[in-house]
């Protein structure tokens, strides 16, 4: 199975929910699945299965999840399948679920069982026809690029005031700000949060300059532990983070100095921790999903190394993922942002021009997190990569993020 999470944001660009997009098979290894695949979920829903197997805490940090169901899987025994609190799950349908009595009755049963109901991909011309279903839904996804979203908002506010609206497919921060200014949307979805704002000059704070200086030092092949420790000692947040990290690794140690703490980790582990901790710090003024995205990419890239015949470059892949949104964090073009730290030519080539031996892993991750299952399946087929191994690598990344960064 393949699975990814798409974040939904509130007006403060804080993640409030996730949509789960999953696929059972590699569509190129099972081409008939595109025809018969709608029946795969007749007995179970893949998104529900993922929620059950991982737990909603690991999957979404206890935030609500939107789980797509087909016109067939909606009739599966979702009530018994779902082992988490039903109120945390929104059943997401689309126009393949017709507004007829059989389906309306089934949706009423799901609502009575505590689930929320959401709908997407219905055209403006279908709004009236879908009235029996729209009267039941809790959330409506409105595609900002395919419909006159302002007019749709007026329509729903008048006829279905209880339905919360989600503005989707937002690709720029300007569009997000414009939609937010008009009000009326519960959540916002799209790539806008990870597009750098590069208009005009933006000064970097002294704290970030210190942290970037630390990145330069530790990514030098011959960096000195004491040099890194001295810079860490100038940053209270990094000092506390280092001490917490050491205490988790060596619980019986009595740390006397920052240099002592650095030595306890050793050069290799200190380098990895510094890169992770510094990116966490310098992205603290960005949407919280940026930090999560950065660290998930880093771990996911590291986990994928062996499947792309790059096992010896796993550390480089980790850094590539870690710095893949540095342009967003620093509000600078990627080439300019990367000049502020010291990294290998291979990482630069992958992040700036998608060239070199590391680039295929980055391209795969971008397709995967966007749920571009056609492209993901193509890469898996050409590389003879087991989809289940990729799924396990992604899930492990989610768990690593919560344990390493959130401490839970």
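Some observations on this one:
- Values of log10 I(q)/I(0) for region 41-131 across q = 0.11 Å⁻¹ run -0.30, by the Debye formula with one identical scatterer at each alpha carbon and no solvent.
- Of all DSSP-defined beta bridges confined to region 2-194, some 30% are antiparallel rather than parallel.
- Tilt relative to the chain, helix 206-218 - C-alpha long axis, 0 to 90 degrees, to 10: 70 degrees
- Rounded to the nearest 10 degrees, the angle from helix 173-182 to the longest Cα principal axis of the chain is 50 degrees.
- Residue order, fewest to most surrounding Cβ atoms within 10 angstrom, among 320, 334: 334, 320
- Placing pseudo-labels 7 Å out from each Cα toward the beta carbon at residue 243 and residue 138 gives an inter-label distance of 4.3 nm.
- Counting other Cβ atoms within 10 Å as a rough exposure proxy, the listed residues 102, 276 run 102, 276 from fewest neighbours to most.
- Full extension of the chain segment joining residue 255 with residue 109 gains 46.7 nm, where the gain is 0.36 nm per residue of separation less the Cα-Cα distance.
- If the chain linking residue 354 and residue 159 were pulled fully straight, counting 0.36 nm for each residue of separation and taking away their Cα-Cα distance, it would gain 65.4 nm.
- Simple spin-label estimate for residue 182 and residue 145 in nanometres, 7 Å along Cα-Cβ: 1.8 nm
- Spatial offset of region 256-334 relative to region 126-175 amounts to 38 Å, using the alpha carbon center of each.
- Remark: region 2-194 is approximated by an ellipsoid whose semi-axes, taken from the C-alpha gyration tensor as √(5λ), come to 26, 20, 17 Å, largest first.
- For region 206-406: span of alpha carbons on each principal axis (Å, largest first): 53, 38, 32
- Projected label points at residue 102 and residue 268, each 7 Å from Cα along the beta carbon direction, are separated by 6.0 nanometres.
- Stretchable slack from residue 226 to residue 382, in nm (0.36 nm times residue separation minus alpha-carbon distance): 51.6 nm
- The chain: proportion of alpha-carbon pairs further apart than 27 angstrom, %: 56 percent
Coordinate-derived values only; no laboratory data. Everything quoted here is computed from the prediction, not taken from an experiment. FYI the Cβ positions are ideal-geometry reconstructions off the backbone, even for glycines, and counts take in every protein chain you see.
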